[in-house]
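K.L.:
Quick one: the structure is below, and I'll ask about it shortly.
The values are calculated or read from the model by the stated rules, or taken from the named source; none is laboratory data. The structure displayed is predicted, hence computed values, not measured ones. Here the Cβ is made from the backbone with ideal geometry for all residues, glycine too, and neighbour counts use every protein chain on show.
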Amino acid sequence: MRVKFTVNGREQTADDVWEGESLLYVLRERMGLPGSKNACEQGECGSCTVRLDGVPVCSCLVAAGQVEGREVVTVEGLADFARQRAEHGGCGAGVCGGKGTTLDEAKGWAAKPTGTGDSQAGEQGTSPHTALSPIQQAFIDAGAVQCGFCTPGLLVAADELLERNNQPSDADIREALSGNLCRCTGYEKILDAVRLAAARGESETAGTGA
Amino acid sequence: MAGVTRTPTNLTQGSKTPAGIGASTLRPDGTLKVTGEFAYSSDMWHEDMLWGFTLRSTVAHAEIRSIDTSEALAQAGVYAVLTYDDLPTAVKNYGLEIQDTPVLANGRVRHHGEPVALVAADHPETARRAAAKIKIDYAELPVVTDEASATAEDAPLLHPGRKDHHAGHVPHPNIVHRQPIIRGNADEAAKRADVIVTGEYDFGMQDQAFLGPESGLAVPAEDGGVDLYVATQWLHSDLRQIAPVLGLPPEKVRMTLSGVGGAFGGREDLSMQIHGCLLALRTGKPVKIVYNRFESFFGHVHRHSAKLWYEHGATKDGKLTHLKCRIVLDGGAYASASPAVVGNASSLAVGPYVVDDVDIEAIALYTNNPPCGAMRGFGAVQACFAYEAQMDKLAKALDMDPVELRQRNAMEQGTLLPTGQVVDSPAPVAELLRRVKAMPLPPENQWETTEGADVRALPGGLSNTTHGEGVVRGIGYAVGIKNVGFSEGFDDYSTARVRMEVINGEPVATVHTAMAEVGQGGVTVHAQIARTELGVQQVTIQPADTQVGSAGSTSASRQTYVTGGAVKNSCEAVREQVLQKGRLKFGTYHPAWATAELLLEGGKVVTDGGEVLADIVDVLGEESVEVELEWRHRPTEAFDLETGQGNGHVQYSFAAHRAVVEVDTELGLVKVIELACAQDVGKALNPLSVVGQIQGGTTQGLGVAVMEEIVVDPKTAKVRNPSFTDYLIPTILDTPTIPVDVLELADEHAPYGLRGIGEAPTLSSTPAVLSAIRAATGLALTKTPVRPEHLTGT
């Protein structure tokens, strides 16, 4: 079958999709977006978390056909999604149900490759990747990334948490991220990262008087 | 390589700060990992690639009467179906130490989930469906599942006619390896004891549960060889096992490390490597294999389940008189790393304590249970669980504070181990206990808020099972000892290639090793070492592959020590060549070139007094300097097979934990409130990463304590819970705050004084939690994991 939906603001079509294929499989293997991860493929680990019309879902549990005509944001589009949200207020790309950007506006942006593949994350506070979203930068800065396999799903989930609650308590953070398994970090630095992103967001807001 | 997308890339990291060793520099792969661009082994893609699938046995022990692949081969979209008969050479087995593991089953399967046949097809679902059409006629055989059934008179032999180097000294062919450690006279010493405590302990089988599934891409090459992109812990060990089975010289099997989603020991053994290459060479097409979680539970070895019998004696003032113990590890159907696990379990069975008179025996069994091998802590974990339970039991019998009892018997620098080896570097066991005990405790009734009980802070959480009624707090302590590096005489070297040159007017270092970065942050540390030794800011880390010499395994807490040592050593050699060039070019301008100790700092050649002699850019000009050198730590010796005596270990790593738990004693629900750790790390090369390792290791120990176990049916030897629905690992809700106190007492034998750190926190975490639950409930609790029914007696 043919499946057509919007991914990170860009309309995508996949042909010859077998009916049993998941959204995760179509993203990873047919659309060249393997950022969403395949740690369990049974909805237990959260590594494949994406936003589907704004709602965080395990893309491994969503049949590709269910996504027809809908909007998906993956980790590859998270930075642009966050930027849109910051510029327009509310949700980026209009995916949270009517508020924010319209679909036409959103079509203008998409995940962009960083080019060389070289990374400069060591530039503390002066990363040339200014395109990173606040939560992405906070994960790097707080040491929340080790093997990194859980990271994409956690980023999408944590970004969604901060979108609806910009000053989460530790209990709020634990609740929001309880569907995302991490085997490397013991979660402490993931908590640090979310706290850091929230604090930075707070100080920015305070600075602009908003 | 043409056609492959998402191959591993160089990681280039500049720095505005000094960012040498001791700084918390950030990961050079961090940006790639947070943007989803990092190329994990399951992300590889090649145009025209096929998908491989492994058909695995549905029974634990059987003779294979026949295999019929005709229907599978006839299915549209299927390119190849391979069985044992299709293996191309006389080499049909592989293994880390003993080559006892069939690439594909040869007429017999010895455990549930053993690979029997391979399928390559144009879609993963096509491959799975074709595999389901393969007809295998199994004639089931009786299963061997424990020591009694393995060593019974009529026990079926897992590997009849063994010829391996342990076969001659084991008491039964179903025992992989046996290592006694005898020192002093435990029977005589027991007569001096005022108190003797004994215990029998059961340690459940743990899964590494790394999140990135076993996966890789094999691409057939024009020269008849194969390019393999894979997630592993040791490229060269894989290569040594793969090439003979394929019938290819090692140089025609070119391996590149792809992104590794965690390892923890579970990638020491091969998984899809040979299978992918066989399918690629047979079909002439690139083949990708990605296990799903179900298959992953069968696709790697686990941590040995163990039964441990311990007897400790002490005088009434709390000095240990003797130790007798017997440790039986279940190795499962194939040897994997079992012999080395036995060596660790026996040589570290006494724990970080001074005991002069010991009688220790450890064995690993061959059974029809899932094969067990390496996992973080490697034999020392099971022992620590038992000896720390014993220390609590002894303290109770002596009516003594359990921390004080431990401190009175704590080993220190100069202590003689039961193997006769002197601990010749700091061993601050008593100090770590003091530190962890001195940390402030979390407040009592921490669930109480102004608006009533926050159930999220209580056992049972949002299930809302208690508002504090029946909840009892318990506090427990534990401390452990782990060896660092490969032991028992193994030639445990690493190799580093380092180049220095001028690029865009700046001196730049390039580091190339075969070290498997599995998440631990080795790439971060290599860049830091290059900055410290070569005075550069920008460092490029090249992808790990087999085009450079072996780095050894990312195991045994060894990589920062050994490959870090190799990078340091190669940097020093590069520096000497750079200085030599400087002496030739500029030596006549300043006498210090000939007389002073010279360093490379901030892009310049400086004297140890800080005087600048030249810019590195001017010294190098258009030239580059490159060296590739092997580096070794101090050699070790094998343990004597009768007495266990020998200088078997390189270095030790110590951590202590304090666990605070709250137990709903009516429902048997446990909430771990805090798990504090103090660890000596020698020198923290990257403090941020060090704390991350300690917290991660602590959490894996927590998992064993209260949730993790691969459950094997004792009648059928089949795995009952191969999924993340049924095999539970700690979530962020299960994991408490983990405050960490890092001690840095340099080991003068190690590079920068550092100590391998990754494993020690996994040891003491589990017994500390068990101790705390015992304190809360008064129950003996001799098995991991503690389940609600163990607490309620239901």
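K.L.:
Between residues in the range B:265-286 that are surrounded by 24 or more Cβ atoms within 10 Å (Cβ to Cβ) and residues that are of a type outside the set (A, V, I, L, M) and in a helix (DSSP H, G or I), which pairs lie under 6 Å by C-beta distance while being six or more apart or on different chains?
P.N.:
B:S271/B:G299; B:Q273/B:D238
K.L.:
Hey, does the range B:55-63 have a residue that's touching a helix residue (DSSP H, G or I) at 6+ places or on another chain (Cβ under 6 Å), crowded, with 24+ Cβ neighbours inside 10 Å, part of a strand (DSSP E or B) and in contact (Cβ under 8 Å) with a residue 12 or more places away in the chain?
P.N.:
Yes: one or more hits.
K.L.:
Moving on. Quick one: B:E47 ticks every box in (1) at pLDDT 95 or above; (2) surrounded by fewer than 24 Cβ atoms within 10 Å (Cβ to Cβ); (3) touching a Gly at 6+ places or on another chain (Cβ under 8 Å) except a single one, so which number is it?
P.N.:
If we test B:E47 against (1) at pLDDT 95 or above; (2) surrounded by fewer than 24 Cβ atoms within 10 Å (Cβ to Cβ); (3) touching a Gly at 6+ places or on another chain (Cβ under 8 Å), just (1) comes out false.
K.L.:
Can I ask one more? State all residues of the range B:447-477 that are within 12 Å of another protein chain (Cβ to nearest Cβ) and crowded, with 16+ Cβ neighbours inside 10 Å; if no residue qualifies, say none. Give the steps one after another, and end with the answer.
P.N.:
Filtering the range B:447-477 down to residues within 12 Å of another protein chain (Cβ to nearest Cβ) leaves B:447, B:449, B:454-458, B:461-462.
Passing the criteria: B:W447, B:V455, B:R456, B:A457, B:L458, B:G461.
K.L.:
Here's a follow-up. From the list B:V119, B:V176, B:V78, exactly one residue is of a type in the set (A, V, I, L, M), in contact (Cβ under 8 Å) with a residue 24 or more places away in the chain and not assigned by TED's automatic domain parsing to the domain that holds B:V219. Which is it?
P.N.:
Only one candidate passes the filter, namely B:V176.
K.L.:
Okay, moving on. Any idea which residue in the range B:731-759 is surrounded by the fewest Cβ atoms within 10 Å (Cβ to Cβ), counting only those that are in contact with a helix residue (DSSP H, G or I) (Cβ under 6 Å, 6 or more places away or on another chain) and within 8 Å of chain A (Cβ to nearest Cβ)?
P.N.:
B:L733
K.L.:
Give the range A:143-165 a look and list any residue that's part of a helix (DSSP H, G or I) and either without any contact (Cβ under 8 Å) to a residue 60 or more places away in the chain or not small (G, A, S) (or both), or say none.
P.N.:
Of all residues in the range A:143-165, those part of a helix (DSSP H, G or I) come to A:151-164.
Of everything in the range A:143-165, those that are part of a helix (DSSP H, G or I) and either without any contact (Cβ under 8 Å) to a residue 60 or more places away in the chain or not small (G, A, S) (or both) turn out to be A:T151, A:P152, A:L154, A:L155, A:V156, A:A158, A:D159, A:E160, A:L161, A:L162, A:E163, A:R164.
K.L.:
Give the number of residues within the range A:134-156 that are more than 7 Å from chain B (Cβ to nearest Cβ) and hydrophobic (A, V, I, L, M, F, W, C).
P.N.:
So the count comes out to 6.
K.L.:
Could you please let me know if B:G582 is modelled with pLDDT of 95 or more and not assigned by TED's automatic domain parsing to the domain that holds B:P459?
P.N.:
Values: modelled with pLDDT of 95 or more: yes; not assigned by TED's automatic domain parsing to the domain that holds B:P459: yes.
The answer is yes for B:G582.
K.L.:
Turning to a different aspect of this structure: Working only within the range A:1-27, note down all residues that are part of a helix (DSSP H, G or I) and in contact with a Lys or Arg (Cβ under 9 Å, 6 or more places away or on another chain). Give the derivation first.
P.N.:
At the first step, the residues of the range A:1-27 found to be part of a helix (DSSP H, G or I) are A:23-27.
Within the range A:1-27, A:L24 is the sole residue that qualifies.
K.L.:
Right, another one. Among the residues of the range B:535-556, are any under 27 Å from B:V606 (Cα atoms) and away from every other protein chain (no Cβ under 14 Å)?
P.N.:
Going residue by residue through the range B:535-556, those that are under 27 Å from B:V606 (Cα atoms) are B:535-541.
Checking the rest, the ones that are also away from every other protein chain (no Cβ under 14 Å) come to B:535.
Yes, the range B:535-556 contains a residue that is under 27 Å from B:V606 (Cα atoms) and away from every other protein chain (no Cβ under 14 Å).
K.L.:
On to the next question. Which of the residues that make up the range B:197-226 are closer than 26 Å to B:E147 by Cα, of a type outside the set (S, T, Y) and either within 14 Å of chain A (Cβ to nearest Cβ) or in contact with a strand residue (DSSP E or B) (Cβ under 6 Å, 6 or more places away or on another chain) (or both)?
P.N.:
Residues of the range B:197-226 closer than 26 Å to B:E147 by Cα: B:197-208.
Applying the additional criterion that residues be of a type outside the set (S, T, Y) yields B:197, B:199-200, B:202-208.
Answer for the range B:197-226, where residues must be closer than 26 Å to B:E147 by Cα, of a type outside the set (S, T, Y) and either within 14 Å of chain A (Cβ to nearest Cβ) or in contact with a strand residue (DSSP E or B) (Cβ under 6 Å, 6 or more places away or on another chain) (or both): B:V197, B:G199, B:E200, B:D202, B:F203, B:M205, B:Q206, B:D207, B:Q208.
K.L.:
Filtering the range A:171-191 down to residues that are surrounded by fewer than 19 Cβ atoms within 10 Å (Cβ to Cβ) and of a type in the set (D, E, K, R), which residue is nearest to the other protein chains (Cβ to nearest Cβ)?
P.N.:
Step one: of the range A:171-191, the residues surrounded by fewer than 19 Cβ atoms within 10 Å (Cβ to Cβ) are A:171-172, A:175, A:178.
The next check asks that each one be of a type in the set (D, E, K, R); those that pass are A:172, A:175.
Details: A:D172: 9, A:E175: 7 Å.
In this case the residue turns out to be A:E175.
K.L.:
Being farther than 27 Å from B:T735 by Cβ and among the aliphatic types (A, V, I, L, M) is the filter; apply it to the range B:641-667 and report the residue that is surrounded by the most Cβ atoms within 10 Å (Cβ to Cβ).
P.N.:
Here the residue is B:V650.
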